[in-house]
1. For the range A:111-130, how many residues are within 12 Å of another protein chain (Cβ to nearest Cβ), among the hydrophobic types (A, V, I, L, M, F, W, C) and outside any loop (DSSP other than H, G, I, E, B)?
2. Inspect all residues belonging to the range B:157-179 and state whether any of them is at pLDDT below 90 and either within 16 Å of B:LEU79 (Cα to Cα) or of a type outside the set (Gly, Ala, Ser) (or both).
3. Exactly one of these conditions fails for B:GLY17: (1) within 17 Å of B:ARG114 (Cα to Cα); (2) at pLDDT below 95. Give me its number.
4. Go through the range A:192-210 and report how many residues are surrounded by 21 or more Cβ atoms within 10 Å (Cβ to Cβ) and either facing chain B (nearest Cβ under 9 Å) or closer than 27 Å to B:ASP134 by Cβ (or both).
5. Any residue in the range B:39-56 that is on the phi < 0 side of the Ramachandran plot sitting within a Cβ distance under 8 Å of a residue that is exposed (fewer than 14 other Cβ atoms within 10 Å of the Cβ) and part of a loop (DSSP other than H, G, I, E, B)? List the pairs, counting only those 6 or more apart or interchain.
6. Filter the range B:161-187 for residues that are free of Cβ contacts under 8 Å to residues at least 24 places away in the same chain and more than 7 Å from every other protein chain (Cβ to nearest Cβ); which is farthest from A:ALA163 (Cα to Cα)?
7. Does the range A:124-138 hold any residues that are under 22 Å from B:GLU122 (Cα atoms) and either modelled with pLDDT of 90 or more or charged (D, E, K, R) (or both), and which are they?
8. Assigned by TED's automatic domain parsing to the domain that holds A:LEU177, surrounded by 12 or more Cβ atoms within 10 Å (Cβ to Cβ) and modelled with pLDDT of 95 or more: which single residue out of A:PHE109, A:PHE121 fits that description?
Protein chains: 2
Amino acid sequence: MPAAAPAPPAADPEIVGREALRGVILKIAGEIVAAEGLPAVQARRLAAEGGCSVGTLYNIFGDRDGLILAINRETMTALSVPLDAARKASVKGHLEARLMALATAYMTFALENRNRWLAVFEFRLPDDAALPADFVAERARLLGLLVETIGSDVPDAAQRQTAARALFGAAHGILHLAVNNRLSDFDRADLERDLQFIVKAAAAGMRKMG
Amino acid sequence: MPAAAPAPPAADPEIVGREALRGVILKIAGEIVAAEGLPAVQARRLAAEGGCSVGTLYNIFGDRDGLILAINRETMTALSVPLDAARKASVKGHLEARLMALATAYMTFALENRNRWLAVFEFRLPDDAALPADFVAERARLLGLLVETIGSDVPDAAQRQTAARALFGAAHGILHLAVNNRLSDFDRADLERDLQFIVKAAAAGMRKMG
């Protein structure tokens, strides 16, 4: 029998408390965004509901932009769950079926979490500000799910990346315009038809790359 | 020789003045949006720069939403000029070339008029408010340019409408994400590659409909 592993170092209670508070604040903020949209996220309100001071809030998140990026990162992580499930469930299908499974999961999440999903795309950092590394990594992981879904149907890695970016932008644009009633009043049947058209076309386009 | 046409009725100077003022305000507002974005559009500032009262401003445009919709309609009309030129210039090309000409004209307008173009898509009316009829008509006219460009390559009118909506949403989404640095830092070569991929795929998809 191997010797018992050494006991982990006692956790610093201040760090543990800070991490717990971060989670509490993000949960409250996520609910506010879901119910009322991004403009309703205000530091004073969050501090009051989270039971901390505004100073502590800014100490954890930096500033309002940092807080919103953290909320949006949570939303991206939540989105990755149904996307990854759709990817796994469709892994034995042909390319078009796999892409359509992902597009449908994306659409369903966006419609069921409209405000949180819109917040991810409508929030803009000032032009000179850089995105935090963990946000960039989460975004790359999400696009990676699509790249992985395309898989060996597009053998060249650079072409696979282009195809994934283009299809994501395409499906996203169709969904975004539909949710915001940009081309007409929202019509789910129209939306599904538009998505299907572009996924079918993109899948055929990708097979030609392969 | 035919008899001289009757003289036109004398224009009502109040209506003429109001129309002229409307044009002046829209021009100033368009310049503010271009330079500083939509949040910088404020009634008091516009009234001061246009030489009228805030009351007169609201009398012409209804409220701030009405003013912004009027600004956005102007932008859509401005966008229709290069789109229609691209449509006419490419009318003898094959489907993919015609669609790419339109997509390129759309991209060029969006990149050169970033803030005005973003304003068209980022402004949201309250959920219970209806868009004015002239706005809806201008939007339909713009989508009509794409429908017309597809033309007889998709003989069925309903399918042609789906294809036009889907491709517009797709190209728009790719451009919108790129301009807002959503998938990576802005890279024009990446953007053009992504657009080309989706236009090529969509053209092939449309030919299959035909």
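1. 3
2. Yes, some residue in the range B:157-179 is at pLDDT below 90 and either within 16 Å of B:LEU79 (Cα to Cα) or of a type outside the set (Gly, Ala, Ser) (or both).
3. Of everything listed in (1) within 17 Å of B:ARG114 (Cα to Cα); (2) at pLDDT below 95, B:GLY17 misses just condition (1).
4. The total comes to 9.
5. B:ALA47/B:SER53
6. Going through the qualifying residues, I end up with B:GLN161.
7. A:ARG124, A:ASP127, A:ASP128
8. A:PHE109
The values are calculated or read from the model by the stated rules, or taken from the named source; none is laboratory data. Just so you know, these numbers come straight off a predicted model, no measurement behind them. Neighbour counts run over all protein chains shown; Cβ positions are idealised from the backbone, glycine included.
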